[in-house]
Amino acid sequence: MKFEDSLKELDAIIEKLESGKLSIDESIALYGKGLELCNECGKKLNDVKGKIVLLEESAEGLKEKPVEVE
């Protein structure tokens, strides 16, 4: 699943949980699914963390500069 799709699904789960209209069992199941999606998104972000670079123009031309992502 794409990162954006996971994030959208996670947002939908949060809205459902915050609505207060779910049973305890439904809430627990959705909470578990939300944790899975959160972990999946975190893993994807960590995977690309070292791949993000900033291009800077200098006298020698364009140079890559690593970007710190927290």
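Worth a mention:
- Above-threshold pairs, the threshold being 19 Å between Cα atoms, out of LYS8/LYS49; LYS2/LYS33; LYS16/LYS44; LYS16/LYS49; LYS2/LYS49: LYS8/LYS49; LYS16/LYS44; LYS16/LYS49
- Neighbour cut-off at most 15 other Cβ (10 Å), DSSP loop, trypsin sites (Lys or Arg not before Pro), the stretch 1-56: LYS2, LYS21
- In the context of the full set of protein chains, the chain has a per residue accessible area of 85 Å² (1.4 Å probe).
- Over the chain, relative contact order from alpha-carbon pairs under 8 Å, at least 6 apart, %: 25 percent
- Stretch gain in nm, segment LEU54-ASP25, where the contour uses 0.36 nm per residue and the Cα spacing is subtracted: 5.8 nm
- Computed magnitude of the charge dipole of the chain (debye, nearest 20; Cβ of K, R +1, Cβ of D, E -1): 140 debye
- The apolar share of the surface of the chain, taken as the fraction of accessible area on carbon and sulfur atoms (1.4 Å probe, ligands and nucleic acids excluded), comes to 56 percent.
- Which of SER27, PHE3, ILE52, positive extreme of dipole for the chain (C-beta unit charges): SER27
- Helical content of the chain, expressed as a calculated mean residue ellipticity at 222 nm, amounts to -21000 deg cm²/dmol (DSSP H runs of 4 or more residues, -39,500 (n - 2.57) each, divided by residue number, nearest 500).
- log₁₀ of I(q)/I(0) at q = 0.12, 0.17, 0.22 Å⁻¹ - the chain, Debye sum with one point per alpha carbon: -0.49, -0.71, -0.92
The values are calculated or read from the model by the stated rules, or taken from the named source; none is laboratory data. Just so it is clear, the structure is predicted and the values come from calculations on it, not from any experiment. Backbone-built Cβ (ideal geometry, glycine too); neighbour counts: all protein chains shown. These accessible areas exclude ligands, DNA and RNA; they are computed on the full protein's heavy atoms, side chains included. Shrake-Rupley method; radii C 1.70, N 1.55, O 1.52, S 1.80 Å.
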